[in-house]
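The values are calculated or read from the model by the stated rules, or taken from the named source; none is laboratory data. Quick caveat: nothing in here was measured; it's all calculated off a predicted structure. Every residue, glycine among them, receives a Cβ derived from its backbone with ideal geometry; neighbour counts consider all protein chains shown. Just the protein is used for accessible areas: all its heavy atoms, side chains included, with ligands, DNA and RNA removed. Shrake-Rupley method; radii C 1.70, N 1.55, O 1.52, S 1.80 Å.
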Amino acid sequence: TVDHTIFSWTHAATDWIYNTWLGSTLLYLSFQVLGGFGLWMIQWGVLIGVFLLIFLYARSVKVAITSKIIVLLLLCVLPIVPSIMLYKPELFSVFLFSAYLFIYFYGKISNRNIFWLFPFLMILWVNLHGGFMFGLIFVSLITACETADYLLFKKNPLSQKQLVVLIVASGLTYLATLINPYGISYLKSIYIIALSAEYSKLFSVLVAYKSLWGFLLPDSMNVLYTNHYMFKTGWCFIILAVLLIVMIKKIYQS
């Protein structure tokens with residue numbers, strides 16, 4: 001039996017499954033071959049990859065990279081800084097979630113059936129880091145929203161063919177999560193762990209899971225460097241949420 005706690009940065013039960021074998025292997029090999037520089041390359045490769053996806057999308061919709069766009073990019077990047085500071089498998093989740101966003105928006109704007117990439121990327125993601133759950137939530141939300149738009153609102157719906165592809169691809173994305181060394185047992189363990197009292201206790205003390213809203217006032221920024229990141233992240237999310245609401249309002253009023 002594998003003791004997964006040896007891979008955890010924090011307290012964990014020995015029967016919890018920590019399936020990051022692919023992400024951990026990539027970090028290990030990069031360090032073995034290039035030392036600290038190899039880890040640095042992965043870290044910056046993720047950040048550059050995110051920017052590259054944004055740049056490619058901007059080019060596809062013919063949006064000029066103006067000062068306003070640069071400010072928006074900075075607002076989007078600042079919240080992910082705490083996630084990419086440490087050499088951990090969650091680095092890969094940052095890039096893959098950005099890739100999911102790119103696939104959806106580029107596929108929608110270009111009218112191309114590239115949603116098939118979702119399940120293929122999920123095969124990698126489920127073995128890289130537990131953040132794959134956010135990928136499942138994302139495909140579920142866009143499938144539900146696009147279906148509602150096609151059937152009810154008809155504001156900017158996908159074509160019938162694209163919607164069918166998206167629905168099928170979303171289903172295959174769920175099936176793709178089973179392609180891991182533990183199969184469905186991995187998914188069951190996540191559900192069981194999330195409901196366990198031990199996890200709830202751990203959840204309440206980890207900085208990564210703390211609410212951002214307690215760090216929004218300047219007096220919350222004490223000497224802990226994590227508090228500074230929580231402060232900036234919280235306000236970035238608020239600004240982005242306001243801008244998103246304004247954008248959605250303009251779209252649906254047009």
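Checking the conditions here, which among Ile17, Ile103, Ile123 is of a type in the set (A, V, I, L, M, F, W, C), crowded, with 17+ Cβ neighbours inside 10 Å and touching a His at 6+ places or on another chain (Cβ under 9 Å)? Break it down stepwise before answering.
On the way: Ile103 fails: touching a His at 6+ places or on another chain (Cβ under 9 Å); Ile123 fails: touching a His at 6+ places or on another chain (Cβ under 9 Å).
Step by step, each of Ile17, Ile103, Ile123 is checked, and only Ile17 is of a type in the set (A, V, I, L, M, F, W, C), crowded, with 17+ Cβ neighbours inside 10 Å and touching a His at 6+ places or on another chain (Cβ under 9 Å).
State yes or no: is Leu141 open to solvent by 90 Å² or more (accessible area, probe 1.4 Å), within 18 Å of the chain's Cα centre (by Cα) and without any contact (Cβ under 8 Å) to a residue 24 or more places away in the chain? Don't jump to the end; show me each part of the working.
Numbers: open to solvent by 90 Å² or more (accessible area, probe 1.4 Å): yes; within 18 Å of the chain's Cα centre (by Cα): yes; without any contact (Cβ under 8 Å) to a residue 24 or more places away in the chain: yes.
When the stated conditions are applied, Leu141 passes them.
Given the structure, is Leu166 assigned to a helix (DSSP H, G or I), farther than 21 Å from Thr177 by Cβ and either modelled with pLDDT under 95 or in contact with a Ser or Thr (Cβ under 7 Å, 6 or more places away or on another chain) (or both)? I'd like the intermediate steps shown before the answer.
Values: assigned to a helix (DSSP H, G or I): yes; farther than 21 Å from Thr177 by Cβ: no; either modelled with pLDDT under 95 or in contact with a Ser or Thr (Cβ under 7 Å, 6 or more places away or on another chain) (or both): yes.
So Leu166 does not fit the description; no.
Looking at the stretch 35-79 only, could you name the residues that are polar (S, T, N, Q) and either assigned to a helix (DSSP H, G or I) or within 20 Å of Ile238 (Cα to Cα) (or both)?
First pass over the stretch 35-79, keeping only residues polar (S, T, N, Q): 43, 60, 66-67.
Result: Gln43, Ser60, Ser67.
Would the stretch 107-115 turn up any residue that is surrounded by 15 or more Cβ atoms within 10 Å (Cβ to Cβ), in contact with a Leu (Cβ under 9 Å, 6 or more places away or on another chain) and at pLDDT 95 or above? Give the steps one after another, and end with the answer.
So in the stretch 107-115, the residues surrounded by 15 or more Cβ atoms within 10 Å (Cβ to Cβ) come out as 107-108, 113-115.
Subset that is in contact with a Leu (Cβ under 9 Å, 6 or more places away or on another chain): 107-108, 113, 115.
Imposing the further condition that a residue be at pLDDT 95 or above reduces the set to 115.
Scanning the stretch 107-115 turns up at least one residue that is surrounded by 15 or more Cβ atoms within 10 Å (Cβ to Cβ), in contact with a Leu (Cβ under 9 Å, 6 or more places away or on another chain) and at pLDDT 95 or above.
Could you grab me the full set of residues in the stretch 29-49 that are open to solvent by 100 Å² or more (accessible area, probe 1.4 Å) and among the polar types (S, T, N, Q)?
Quick first cut of the stretch 29-49, residues open to solvent by 100 Å² or more (accessible area, probe 1.4 Å) only: 31-33, 37, 40, 44, 48.
Passing the criteria: only Gln32.
Can you run down the residue pairs with Cβ atoms below 8 Å, 6 or more apart or on separate chains, where the first is in the stretch 228-251 and without any contact (Cβ under 8 Å) to a residue 40 or more places away in the chain and over 14 Å from Leu73 (Cα atoms) and the partner is open to solvent by 90 Å² or more (accessible area, probe 1.4 Å) and assigned to a helix (DSSP H, G or I)?
Between residues of the stretch 228-251 that are without any contact (Cβ under 8 Å) to a residue 40 or more places away in the chain and over 14 Å from Leu73 (Cα atoms) and residues that are open to solvent by 90 Å² or more (accessible area, probe 1.4 Å) and assigned to a helix (DSSP H, G or I), the close pairs are Phe231/Pro218; Gly234/Trp213.
Any idea which of (1) touching a Pro at 6+ places or on another chain (Cβ under 6 Å); (2) under 17 Å from Lys108 (Cβ atoms) is the one Leu141 doesn't satisfy?
Single failed check for Leu141: (1).
Out of the residues in the stretch 170-197 that are among the polar types (S, T, N, Q), outside any helix (DSSP H, G or I) and in contact with a helix residue (DSSP H, G or I) (Cβ under 6 Å, 6 or more places away or on another chain), state the one that is nearest to Glu146 (Cα to Cα).
Applying the first criterion (among the polar types (S, T, N, Q)) to the stretch 170-197 yields 170, 173, 177, 180, 185, 189, 196.
Pick out the ones that are also outside any helix (DSSP H, G or I) and you get 177, 180, 196.
Narrowing further to those that are in contact with a helix residue (DSSP H, G or I) (Cβ under 6 Å, 6 or more places away or on another chain): 177, 180.
Working: Thr177: 23, Asn180: 29 Å.
My answer is Thr177.
Out of the residues in the stretch 148-162 that are closer than 18 Å to Phe115 by Cβ and assigned to a loop (DSSP other than H, G, I, E, B), which is modelled with the lowest pLDDT?
Of everything passing the filter in the stretch 148-162, Asn156 is modelled with the lowest pLDDT.
Taking the stretch 95-134 as the search range and keeping residues that are outside any helix (DSSP H, G or I) and in contact (Cβ under 8 Å) with a residue 12 or more places away in the chain, which one is farthest from the chain's Cα centre (by Cα)?
Among those residues, the one meeting the criterion is Asn111.
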